[in-house]
Amino acid sequence: MEYTDVVMENFTCPKNVGEIEDANGVGQVGSPACGDIMKIFLKINDDDIIENASFKTFGCGAAVASSSMATEMIIGKSIEEAGKLKNSDVVDALGGLPDVKIHCSVLAAEAIQAAIQDYKNKKA
Amino acid sequence: MKRIYLDHAATTPVDPEVVEVMIPYLTETFGNPSSIYAEGRAAKKSIEKARQQIATAINADSREIYFTASGSEADNWAIKGIAMKNKAKGKHIITSQIEHHAVLHSCEYLEKQGFEVTYLPVDEVGLVSLEDLKNAIRDDTILVSIMFANNEIGTIEPIKEIGKIVKEKGIVFHTDAVQALGNIPVDVKDLNVDLLSLSAHKIYGPKGIGVLYIKKGLPIDNLIHGGAQERKKRAGTENTAEIMAFGKAAELASEHLEENMTHMKTLRDQLIEGVLGKIPLARLNGHPEKRLPGNANFCFAYIEGESILLSLDVIGIAGSSGSACTSGSLDPSHVLLAIGLPAGVAHGSLRLTIGKSTTAEDIDYVVNNLVEIIQRLRDMSPIDAD
Amino acid sequence: MKRIYLDHAATTPVDPEVVEVMIPYLTETFGNPSSIYAEGRAAKKSIEKARQQIATAINADSREIYFTASGSEADNWAIKGIAMKNKAKGKHIITSQIEHHAVLHSCEYLEKQGFEVTYLPVDEVGLVSLEDLKNAIRDDTILVSIMFANNEIGTIEPIKEIGKIVKEKGIVFHTDAVQALGNIPVDVKDLNVDLLSLSAHKIYGPKGIGVLYIKKGLPIDNLIHGGAQERKKRAGTENTAEIMAFGKAAELASEHLEENMTHMKTLRDQLIEGVLGKIPLARLNGHPEKRLPGNANFCFAYIEGESILLSLDVIGIAGSSGSACTSGSLDPSHVLLAIGLPAGVAHGSLRLTIGKSTTAEDIDYVVNNLVEIIQRLRDMSPIDAD
Ligand SMILES: Cc1ncc(COP(=O)(O)O)c(C=O)c1O
Ligand SMILES: Cc1ncc(COP(=O)(O)O)c(C=O)c1O
Ligand code: FES
Ligand code: FES
């Protein structure tokens, strides 16, 4: 297993770590038994634009790096655009992930979708 | 950056004295030990010397030492060789849930071939119970295989007592002593074992050479058939250079056993006290006393092992984890699950194993950095104490 | 005394360039390739490079290269692994009478486990007949294993043609190419093989490292179960130093194949002409043209092989014999018997195999001395021509 420099950068100095106090969309996927949990916090404005995003992650280097990268990728985007973020976009942005680590990037995409859904549910 | 290597249970650097012993067998003394001319005779004589060095290290006769390519091959041979040889007598095998995969997967393969295997549980510190063993023995039990010391949590099993029970029943007894040699005394006579596996790369020898000790006269099927090498028991042109290396490494390991044990124990205890004292919600896995002198294995709640390893690697420290995330499989270490850890906790394990060259300063550096790393990762974790 | 080594089919000296490649893996780059920290990643990357070198040498994909501890292990794995995997489909195996013991004894072991094996005969120069093969194939044939080139008499089998026949029937085809690599071109695609065995110590690499080529997607049982090494197909911590060495040796062997072949052929022909021309009642065993470029195998009537070898050894020449007396068994070489030599003649065989460093002067020296040695031994022999 070999992580790219981008993965290691995002692991050692992750962006957007922590909770957003006034988040209006929160999504969590995974379970401790599987060794990975990803929780995404979104602050979405009235125009459905993601103003801020953050994460808390229990998982491997790839999971942390995917969380960091994925949150970076959706800040400033509309929820419609962000909802279309695919795990492969995250993998590409990270310069690739080892095969056995692809599922960690899937978690990131799923957690974002869950957070957006949470926001929509609350709004409805 | 200076590297601090704390994964001696995974593999050890080769001792320079051992490398020196190997070199001639890669250059001038290249003969095939089976050949009758000068080059062959020289090689043959040398490997018999190495065989004797290993025999001496475990109190065996040199004719009971058979070279293999690894500890894994030794385990496979012991288990499949005894099973196949005795299948007319019975098809039941007893082992434990915490064995190395070389033993476990050999047993599982035999199950597919119609054998029955009992996997004994262990208690919360990793010990097999003698009562459980006695209860598991059946009339058709042909083999018991229990490891001497566990590679993950370092627990040392009561092999001598197990050997006695098994011997009384006339059953063949194998122990995987790959983690034991060089770390605790290994004496095949005292232990009552029929078969015992070793591997050079755990005792400052090269990778790719192992030994199966087979008690004189014990019938066993071959795993690798072919030429007449290893008294017709294990085919393949002898790996002379690595055989010589293993001989030397075993000799050094016995000679320095006492001092190495003391050295490792001192640093291990410093490490354990430091970690448990300074990091909240840390626990030590394995037996508090009956453990390998160089082994420390911790769990840290709420975080995942690979993240710890990567964080350590970045600052120059090499360790290992039983987390599934490091192994490419989805399940965390079978050993940590067997001692009763919930999967979530098992994912947060860290194994640090001390070696000859580890220093007290290394340990200080590791403990201090670990405090910060665990804190940082916990801050990042969505699971928390409340 | 200068030694003239003419037993390159038994083993070769390690090329100094190859030794150089190994050394770092015995010293600084000692990490376990399965570990995720820097030391482990460096080791992992290196062995993938070596895997690619070997793949290139035989025109395979690097994911089809699996490291073993020897040619013998590769043969055992191929034969037992395919047999066990397919035993529900059929239990019939076809091989030849002149295979290496690693193949023959694996087959014999399978016979004890309920498999049926056809051992194809060969003609007087050691060739398997395609007609015989076709006739031997049955509905329950699951594996054909025919060696690429014979280690004793040097005969090269029609592997490509055999591969075609076997492929048409949808049967798995294995070839032992241990003697072929470095001596003749080896191209797995061209040959139609599913499995192919190699060994480093025959091509100026170290002893104790082999390869089994397994065609992508071919189902096969493991021989050595355990850890996830070699894409979960062959357990045991990787022998990094020797893997690197094998990679380099394979690269050198391909790069210099043409020139080495020409060199060996020239000297071999000089040797054959010298011996047949100067020594009465000498015969060449094996095929006159379809033979390994470095192999010469003779029979000398009325004398015994070990005596020839010892006489040569005394004057500094290393060769080998198919005589029972050199092998510790009572039967002379199964290969010489299979080509129809009476046991008495087979006992008088001498194999001389040429290598990179052999010179024309060496050959002259050998021929001249051999004339005298054979004469002396014949004078001593109670059997004579009249
Ligand atoms: C044709 C052939 N097959 C297999 C082998 C076995 O190889 P190894 O010595 O690496 O086990 C040899 C040489 O001994 C050989 O010549
Ligand atoms: C307990 C135990 N058994 C067997 C092995 C396998 O040894 P090798 O790596 O030489 O195959 C190991 C180490 O990997 C081990 O720790
Ligand atoms: S979180 Fe377990 S593999 Fe990535
Ligand atoms: S003559 Fe002595 S073993 Fe053959």
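All but one of (1) over 22 Å from B:SER381 (Cα atoms); (2) buried (at least 16 other Cβ atoms within 10 Å of the Cβ); (3) within 14 Å of the chain's Cα centre (by Cα) hold for A:ALA65, so report the exception by its number.
(1)
Applying the selection to segment A:12-25, what residues are at the interface with chain B (Cβ under 10 Å from one of its Cβ atoms) and either of a type in the set (A, V, I, L, M) or more than 13 Å from the chain's Cα centre (by Cα) (or both)?
A:THR12, A:VAL17
Residue by residue through segment A:20-38, note down the ones that are part of a strand (DSSP E or B) and hydrophobic (A, V, I, L, M, F, W, C).
A:VAL26, A:VAL29, A:ILE37, A:MET38
Any residue in segment C:35-44 that is away from chain B (no Cβ under 12 Å) and either among the aromatic types (Phe, Trp, Tyr) or out of contact with any His (no Cβ under 8 Å at 6 or more places or on another chain) (or both)?
Checked segment C:35-44: at least one residue is away from chain B (no Cβ under 12 Å) and either among the aromatic types (Phe, Trp, Tyr) or out of contact with any His (no Cβ under 8 Å at 6 or more places or on another chain) (or both).
Take B:GLY227 and decide whether it is at pLDDT below 95 and either hydrophobic (A, V, I, L, M, F, W, C) or away from ligand 2 (no atom under 12 Å from the Cβ) (or both).
yes
Taking interchain pairs and intrachain pairs at least six residues apart, which have beta carbon atoms under 8 angstrom, with the first residue in segment B:188-201 and more than 17 Å from B:GLN53 (Cβ to Cβ) and the second basic (Lys, Arg) and outside any strand (DSSP E or B)?
Qualifying pairs under 8 Å: B:ASP190/B:LYS160; B:LEU191/B:LYS160; B:ASN192/B:LYS160; B:ASN192/B:LYS164; B:ASN192/B:LYS167; B:VAL193/B:LYS215; B:ASP194/B:LYS215; B:LEU195/B:LYS215.
Restricting attention to segment C:349-376, and to residues there that are more than 22 Å from the chain's Cα centre (by Cα) and surrounded by 18 or more Cβ atoms within 10 Å (Cβ to Cβ), which single residue is farthest from C:ASN285 (Cα to Cα)?
Going through the qualifying residues, I end up with C:ASP362.
Pick out the one residue from C:ASN183, C:ASN150, C:ASN135 that is surrounded by fewer than 17 Cβ atoms within 10 Å (Cβ to Cβ), more than 14 Å from chain B (Cβ to nearest Cβ) and of a type outside the set (A, V, I, L, M, F, W, C).
C:ASN135
Within segment B:1-26, can you find the residues that are of a type in the set (Val, Ile, Thr) and part of a loop (DSSP other than H, G, I, E, B)?
B:THR11, B:THR12, B:VAL14
Do you know which residues across segment C:138-151 are in contact with a strand residue (DSSP E or B) (Cβ under 7 Å, 6 or more places away or on another chain) and either within 11 Å of C:ILE171 (Cβ to Cβ) or at pLDDT below 95 (or both)?
The answer is C:ARG138, C:ASP140, C:THR141, C:ILE142, C:LEU143, C:VAL144, C:SER145.
Here is a yes/no grid of residues against (1) in a helix (DSSP H, G or I); (2) of a type in the set (Gly, Ala, Ser); (3) over 18 Å from A:CYS13 (Cα atoms):
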| site | (1), (2), (3) |
| --- | --- |
| A:ILE40 | no, no, no |
| A:ALA53 | no, yes, no |
| A:ALA65 | yes, yes, no |
| A:SER68 | yes, yes, no |
| A:VAL100 | yes, no, yes |
| A:ILE112 | yes, no, yes |
| A:ILE116 | yes, no, yes |
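Considering segment C:309-322 alone, what residues qualify as being more than 20 Å from C:GLY355 (Cβ to Cβ) and of a type in the set (Val, Ile, Thr)?
C:VAL314
I'm told C:THR29 meets every condition in (1) surrounded by fewer than 22 Cβ atoms within 10 Å (Cβ to Cβ); (2) within 7 Å of chain B (Cβ to nearest Cβ); (3) in a loop (DSSP other than H, G, I, E, B) except one. Can you identify the failing condition by its number?
Here C:THR29 meets the rest and fails (2).
State whether one or more residues within segment C:215-230 are in contact (Cβ under 8 Å) with a residue 60 or more places away in the chain, within 13 Å of another protein chain (Cβ to nearest Cβ), within 14 Å of ligand 1 (Cβ to nearest atom) and small (Gly, Ala, Ser).
No - not one qualifying residue is present in segment C:215-230.
Any chance segment C:46-54 includes a residue that's in the same structural domain as C:GLN179 (by TED's automatic domain parsing), in a loop (DSSP other than H, G, I, E, B) and within 22 Å of the chain's Cα centre (by Cα)?
no
Can you name the helices (runs of 4 or more DSSP H) wholly within segment B:222-286 that have at least 3 residues being within 16 Å of B:LEU350 (Cα to Cα)?
B:257-278
Would you mind telling me which numbered condition in (1) within 14 Å of another protein chain (Cβ to nearest Cβ); (2) over 23 Å from B:SER323 (Cα atoms); (3) free of Cβ contacts under 8 Å to residues at least 60 places away in the same chain A:GLY83 fails?
(1)
I'd like to check which helices (runs of 4 or more DSSP H) are fully inside segment C:333-386 and have at least 2 residues that are modelled with pLDDT of 90 or more and closer than 19 Å to C:GLY319 by Cβ.
Those helices (runs of 4 or more DSSP H) span C:334-338, C:360-380.
So C:LYS215 fits all but one of (1) in contact with an Asp or Glu (Cβ under 9 Å, 6 or more places away or on another chain); (2) crowded, with 24+ Cβ neighbours inside 10 Å; what number is the exception?
C:LYS215 satisfies every listed condition except (2).
Please pick out the residue among B:ILE36, B:ILE79 that is modelled with pLDDT under 95 and farther than 19 Å from B:PHE246 by Cα.
It is B:ILE36.
Being touching a residue at least 60 places away in the same chain (Cβ under 8 Å) and among the charged types (D, E, K, R) is the filter; apply it to segment B:258-282 and report the residue that is surrounded by the most Cβ atoms within 10 Å (Cβ to Cβ).
Looking at residues that are touching a residue at least 60 places away in the same chain (Cβ under 8 Å) and among the charged types (D, E, K, R), I get B:ARG268.
Here is a check on your reading of the model: is B:LEU309 surrounded by 24 or more Cβ atoms within 10 Å (Cβ to Cβ), within 13 Å of chain A (Cβ to nearest Cβ) and in a helix (DSSP H, G or I)?
yes
Residues being at positive phi and within 14 Å of chain B (Cβ to nearest Cβ): count how many of those fall in segment C:186-214.
So the count comes out to 2.
Evaluate segment C:56-76: report whether one residue or more is among the basic types (Lys, Arg), free of Cβ contacts under 8 Å to residues at least 60 places away in the same chain and assigned by TED's automatic domain parsing to the domain that holds C:ASP176.
Scanning segment C:56-76 turns up no residue that is among the basic types (Lys, Arg), free of Cβ contacts under 8 Å to residues at least 60 places away in the same chain and assigned by TED's automatic domain parsing to the domain that holds C:ASP176.
Within segment B:261-281, can one find any residue that is under 27 Å from B:ARG51 (Cβ atoms) and either away from every other protein chain (no Cβ under 12 Å) or among the hydrophobic types (A, V, I, L, M, F, W, C) (or both)?
For segment B:261-281, residues under 27 Å from B:ARG51 (Cβ atoms) and either away from every other protein chain (no Cβ under 12 Å) or among the hydrophobic types (A, V, I, L, M, F, W, C) (or both): present.
The values are calculated or read from the model by the stated rules, or taken from the named source; none is laboratory data. Given the structure is predicted, the values throughout are model-derived calculations rather than measurements. Cβ sites come from the backbone with ideal geometry, for glycine too, and all protein chains shown count toward neighbours.
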